[in-house]
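Written out below as structure tokens is the structure these notes cover.
The values are calculated or read from the model by the stated rules, or taken from the named source; none is laboratory data. Bear in mind the structure is a predicted one, so any value in this text is a computation, not a measurement. All Cβ positions, even for glycine, are placed from backbone atoms using ideal geometry, and neighbour counts span all protein chains on display.
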Number of protein chains: 2
Amino acid sequence: MERIPILRMGHFLLVTIQVDLYDQLAENLESDLVHMVKKTQAKGVLIDVSAVSIIDSFMGRILGNIANMSKIMDAETVVVGMQPAVAITLVELGLPLKGVYSALNVERGMQLLHSKIIFDQEEEEAEAEGDDDDHSIE
Amino acid sequence: MERIPILRMGHFLLVTIQVDLYDQLAENLESDLVHMVKKTQAKGVLIDVSAVSIIDSFMGRILGNIANMSKIMDAETVVVGMQPAVAITLVELGLPLKGVYSALNVERGMQLLHSKIIFDQEEEEAEAEGDDDDHSIE
């Protein structure tokens, strides 16, 4: 397999990682994901790692990269479904996945993203109103 | 990998098949899926095969089995994201996936399931009303 499928679910993209990420696959995933964020104007990316039993430093870095890239493209990233043993190992290895949100499962991840997007929209509306006020003053 | 993750999305379950299904994996998937349908009271199952480049008769039978099992558990099955080449091959092989609904992508699959479930609910409501009428006549 050369590509991990990226599924569109409304405003979000869902990626289910089921296989070990090797160099080419990870690179393709990063590239596909930023292109999909642009194409679908997605506001959030959900990465399901429930089938992953080992997350090493490489995969940790890839997850971090994806979160940073998505952030630049104005989309939040949530890692969902992490197994307890994986969480323990990550922290013991000193890889606390900084900059990546996490949730227990896909549903909660979507709720988290919804709350963030509503917050953003309110912020934008507030800003838009602020702009209007500025214009009216001019 | 021994198990394919099954994600819960509201009333539906989502399965993304990314690897070739061998005997044990397919058996586990069938078993996990019917248990998840019971546990989550799911009304629909979405099977994403966009990462699958070859569907042979074994996989076709598994998809049919899943659809039949889910149907008995009162859940509809929709296969989504099939690649054009796979569809061509399936028909040429004489495996038209009978009894399985299909949709172009996950979003359309969810719409299809939503339309089916609303229809079912209306049917149940109509039946319930019919029952009420019977009681009032008694």
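Are any residues in region A:20-41 among the charged types (D, E, K, R) and either surrounded by 14 or more Cβ atoms within 10 Å (Cβ to Cβ) or in contact (Cβ under 8 Å) with a residue 60 or more places away in the chain (or both), and if so, which ones? Don't jump to the end; show me each part of the working.
First, pick out the residues of region A:20-41 that are among the charged types (D, E, K, R): A:20, A:23, A:27, A:30, A:32, A:38-39.
Answer for region A:20-41, where residues must be among the charged types (D, E, K, R) and either surrounded by 14 or more Cβ atoms within 10 Å (Cβ to Cβ) or in contact (Cβ under 8 Å) with a residue 60 or more places away in the chain (or both): A:D20, A:E30, A:D32.
Here are the criteria: (1) within 16 Å of the chain's Cα centre (by Cα); (2) more than 24 Å from A:M9 (Cα to Cα). Tell me which single one B:L95 does not satisfy.
(1)
Please determine, by comparing only the residues of region B:42-75 that are among the basic types (K, R) and either in contact (Cβ under 8 Å) with a residue 40 or more places away in the chain or more than 16 Å from B:H11 (Cα to Cα) (or both), which one is surrounded by the fewest Cβ atoms within 10 Å (Cβ to Cβ).
For region B:42-75, the residue satisfying everything is B:R61.
Could you check region A:76-96 and list, in sequence order, the residues that are among the acidic types (D, E) and surrounded by fewer than 17 Cβ atoms within 10 Å (Cβ to Cβ)?
A:E92
Could you list, in sequence order, all residues of region A:103-127 that are modelled with pLDDT of 85 or more, loosely packed, with under 14 Cβ neighbours inside 10 Å and more than 13 Å from chain B (Cβ to nearest Cβ)?
The answer is A:S115, and nothing else.
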